[in-house]
């Protein structure tokens, strides 16, 4: 019954509106791309600027991205200066007044969230720190839920005529997501308090959410690759109280993590980090299913 | 953290009597104020935590009601809140040349003036590049880049406003800016992959062609990147001259096309045309002995530029960038020397190209090679000059750089430079440093 009503609504919508009327969205990461598809459904045509195998800090304002920005109705970005090295150029070169920061077609996920690790002093001697806090927010599903609300509001504001459609999809996602969070939190209960070594601060939200105990970071400072002597000290420090797991992301260089893994006898787990970071992480649900499965399997 | 604050407050309160006894009235007052402050910050923290919990909780109950308002990030306040983004580039080099840099020239080409050649020997301070940028209002943004030179001069590299609210893919620029012709022309010195510009840029455009005027660009609404641009300027930059008239002395037209091939490869190619007027432009082509055939040129100068760049980045730790550009310049008009007209049917066709590759082979290391080649052609005019022959200056450069972070770069470059008209090779070693402080710059493709 419910499905047939939905089909009817879709047919009506498809009949009334020309096929190309979908909202063109440029998402900076696969996660925001996936979230926009969850809420926007058929009403959005999403192009994702990066893959899970790229470092979002270091992406270039490629011509193809400028071309997509030109015709975008909405840019969905992380914000908090994660994309500071390329998104401003993209928007500037696009000649598209709809997506300029401050315009209706510009959305930053971070502006809906309270970020972790907001630095109290700002000095680049501390490495790649972000003045507004840690921008790698997607690995806490509660953040996804909050961003989903804000994104639903944004899509509705852009297309008031479609308010009911977006509200229905937003609520549907909300309910499924809340169930999934319950499932993940129950499943990940045994991970609570486990000692982990992380690669970069981009795993901070995952650790915060699951209650993992971060004992060390392979990067001595954010964005600064480890030196041999630093890794040596790490081994000395971790030998007496070894970590349970070493976490790294699909896009990271596995070498330092594997090196450490062999010396402190803890498995290095490659996590998808973003949608598309592993074959299982096909969408947002898959991303968290796979992350928790991989953590539990390695434990 | 949340549980720590109340504990701290309790501690402060517990210690309060002892402190009051030991210290004088002022001290007690201060402690009380501190306790009050701690108390308030603890309450604010608790409230914030509650807000966060409420937001994080799935809003199933709120079905039908509008989504909760996002907590606004608090902007900076005060008179400095609207200060522009400021960034500063610090650079310098050590240069070792086998030949005297003062006699450097490009055989068969008129001296372009400006920042060309291998530079001075030994240590030299490079240009310190200071950039201010900000939105002006909802319709324009502005930028100034000033270069403070090692010779203690301040030079305005670029100073322009740009439109941000034109519809349909149009953008406009007004002021002084690097022209959109070619690929490297718009790139600031700190972002070059080699210490200096390719020979063809030095010989044809005096390093970089700067417009002072207006630029309009239009980006096509297609998935393939297709961009057209036009500029009109006063011609104050080589190979044109500003002249004395009211008219435009330099106009350009350009088009760029670009896109992706698969997940890892991107490309851009372009075609540009630069049409300029020169009026008493100083400097002439030299003959085989090195003495100039004429002293000034007045006439039309037209340059075609073809450029292409290909980048392959299969992982964040590996990237190959290959680029090349070809330029061809035709000049026709009058030449003069010693205040007299030497010929009014002067014609010259000159061309050149470069090809370079830069490879990121380890997380912070890049290696690069570049080959430059020029063809001076032979100018034609009556009476036909003696002792003229065409020259083919060329140069090979190898580069290695180390980038400890996004904001610092140390580079070594070695050149076999055969640009001079006597055909003797200059071996040039340059060590360079480039550091950036301040606002995080974003670079164009």
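Coordinate-derived values only; no laboratory data. What you are looking at is a predicted structure, and each value in this text was computed from that prediction instead of being measured. Note that we place each Cβ from the backbone using ideal geometry, even for glycine, and neighbour counts take in every protein chain shown.
Structure summary
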read-out: Residue mean of other protein chain beta carbons inside 10 Å, A:86-97; value: 6
read-out: Stokes-Einstein diffusion coefficient of the range A:247-298, Kirkwood radius over Cα pairs, 10 °C, 1.306 mPa s, in µm²/s; value: 141 µm²/s
read-out: Inter-chain Cβ neighbour average for residues A:66-72, partner chain, 10 Å; value: 6
read-out: Theoretical FRET efficiency, 1/(1+(r/R0)^6), r = Cβ-Cβ of residue A:185 and residue A:265, R0 25 Å, to 0.05; value: 0.30
read-out: Separation of alpha-carbon centers, the range B:152-213 and the range A:164-217, rounded to whole Å; value: 47 Å
read-out: If the convex hull is drawn through the Cα atoms of the range B:117-175, its volume per residue in Å³; value: 105 Å³
read-out: Cα convex hull volume per residue for the range A:113-238 (Å³); value: 120 Å³
read-out: The range B:400-445: C-alpha gyration tensor shape, a/c 1.5 cut-off, then a/b vs b/c; value: prolate
read-out: P(r) weight above 16 Å for the range B:175-225, C-alpha pairs, percent; value: 50 percent
read-out: Shape category assigned to the range A:9-182 from the gyration tensor of Cα positions, a/c cut at 1.5; value: oblate
read-out: Degrees, to the nearest 10: A:255-264 long Cα axis against longest axis of chain A; value: 40 degrees
read-out: For the range A:9-182: relative contact order, % (alpha-carbon pairs under 8 angstrom, 6 or more apart); value: 20 percent
read-out: Cα→Cβ-extended label distance, 7 Å offset, between residue A:117 and residue B:134, nm; value: 3.0 nm
read-out: Cα-Cα pairs of the range B:353-421 separated by more than 16 Å (percent); value: 62 percent
read-out: Kirkwood Rh, angstrom, the protein assembly as shown [1 / mean 1/r, Cα pairs]; value: 29.4 Å
read-out: Residue-span extension gain [residue B:186 to residue B:384] - 0.36 nm each, minus C-alpha spacing; value: 67.4 nm
read-out: Calculated FRET efficiency for the pair residue B:83/residue A:299, C-beta based, R₀ 51 Å, to 0.05; value: 0.55
read-out: Percentage relative contact order, the range B:140-188, counting C-alpha pairs under 8 Å, at least six apart; value: 29 percent
read-out: Tilt relative to chain A, helix A:2-16 - C-alpha long axis, 0 to 90 degrees, to 10; value: 60 degrees
read-out: Burial ranking of peptide ranges A:223-229, B:276-282 (average Cβ count within 10 Å, highest at the top); value: B:276-282, A:223-229
read-out: Euclidean distance of C-alpha centroids, the range A:55-116 and the range B:288-321, integer Å; value: 32 Å
read-out: Share, in percent, of DSSP beta bridges within the protein assembly as shown that are antiparallel, nearest 5; value: 90 percent
read-out: Residue-averaged beta-carbon neighbours from other chains (10 angstrom radius) around A:129-142; value: 1
read-out: Where labels lie 7 Å past Cα in the beta-carbon direction, separation of residue A:172 and residue A:157 in nm; value: 2.5 nm
read-out: Efficiency of FRET from Cβ geometry, residue B:338 and residue B:261, R₀ 41 Å, rounded to 0.05; value: 0.10
read-out: Segments A:117-129, B:222-234 sorted - mean Cβ within 10 Å per residue, highest first; value: B:222-234, A:117-129
read-out: Packing-based order for B:138-144, A:134-140, B:425-431, using average beta carbon neighbours within 10 Å, highest first; value: A:134-140, B:425-431, B:138-144
read-out: Antiparallel bridges, percent of DSSP beta bridges restricted to the range A:188-298 (to nearest 5); value: 10 percent
read-out: The range A:189-299 - percent relative contact order, Cα under 8 Å, separation 6 or more; value: 22 percent
read-out: Per-q log10 I(q)/I(0), the range A:188-298, q = 0.11 Å⁻¹ (Debye; single scatterer per alpha-carbon; no solvent); value: -0.32
read-out: Helix-only [θ]222 nm of the protein assembly as shown, DSSP H runs n ≥ 4, -39500 (n - 2.57) each, per residue, nearest 500; value: -8500 deg cm²/dmol
read-out: Chain A: antiparallel DSSP beta bridges as a percent of all, rounded to 5; value: 5 percent
read-out: Simple label model, 7 Å out from Cα along Cβ direction - residue B:230 to residue B:416, nm; value: 4.7 nm
read-out: Chain A: angle of helix A:30-40 to the longest principal axis, Cα-based, in degrees nearest 10; value: 30 degrees
read-out: Rg [Å, one decimal], Dmax [Å, integer] - chain A, C-alpha atoms; value: 20.5, 69
